[in-house]
Amino acid sequence: MVRRARDRYDLWDYESGNLLGAYDSEDAALAIVQATIGQYGDEAVRGWGLGHDRRGKLVSLIEGDALVHRASCASPTARSHGGAAD
């Protein structure tokens with residue numbers, strides 16, 4: 001059986017070069033960004049990027065101030081949607 005690649009949202013820390021997590025939905029990834037901003041402030045995520053990987057190909061990337069803005073516009077209930085990807 002061939003496993004088909006799924007869409008995935010990856011959070012990266014560019015300062016450390018580490019993958020912070022892979023998520024099934026943008027809302028799930030943004031929930032992590034929201035929680036981090038809530039606890040540590042905007043500066044904590046300005047070095048992060050959110051990539052959308054569609055079937056193994058990067059189709060979009062948002063980072064820095066744009067990521068902070070996207071997280072601030074996301075639903076506060078984003079935490080209940082999606083989850084970590086396999």
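Looking at ARG46, ARG8, ARG54 in this structure, which one is of a type outside the set (Val, Ile, Thr), more than 19 Å from SER75 (Cβ to Cβ) and surrounded by 16 or more Cβ atoms within 10 Å (Cβ to Cβ)?
Matching residue, one of ARG46, ARG8, ARG54: ARG8.
Could you list, in sequence order, the residues of region 15-33 that are part of a strand (DSSP E or B) and either crowded, with 16+ Cβ neighbours inside 10 Å or touching a helix residue (DSSP H, G or I) at 6+ places or on another chain (Cβ under 7 Å) (or both)?
Once the filter is applied, which keeps residues that are part of a strand (DSSP E or B) and either crowded, with 16+ Cβ neighbours inside 10 Å or touching a helix residue (DSSP H, G or I) at 6+ places or on another chain (Cβ under 7 Å) (or both), region 15-33 yields LEU20, GLY21, ALA22, TYR23.
If THR36 passes every condition in (1) in contact with an Asp or Glu (Cβ under 7 Å, 6 or more places away or on another chain); (2) surrounded by fewer than 18 Cβ atoms within 10 Å (Cβ to Cβ); (3) among the β-branched types (Val, Ile, Thr) but one, which one does it miss?
Of the numbered conditions (1) in contact with an Asp or Glu (Cβ under 7 Å, 6 or more places away or on another chain); (2) surrounded by fewer than 18 Cβ atoms within 10 Å (Cβ to Cβ); (3) among the β-branched types (Val, Ile, Thr), the odd one out for THR36 is (1).
Each reported figure results from applying straightforward, stated rules to the coordinates on display, with no laboratory input. All figures in this text were calculated on a predicted structure; none of them were measured in a lab. Note that we place each Cβ from the backbone using ideal geometry, even for glycine, and neighbour counts take in every protein chain shown.
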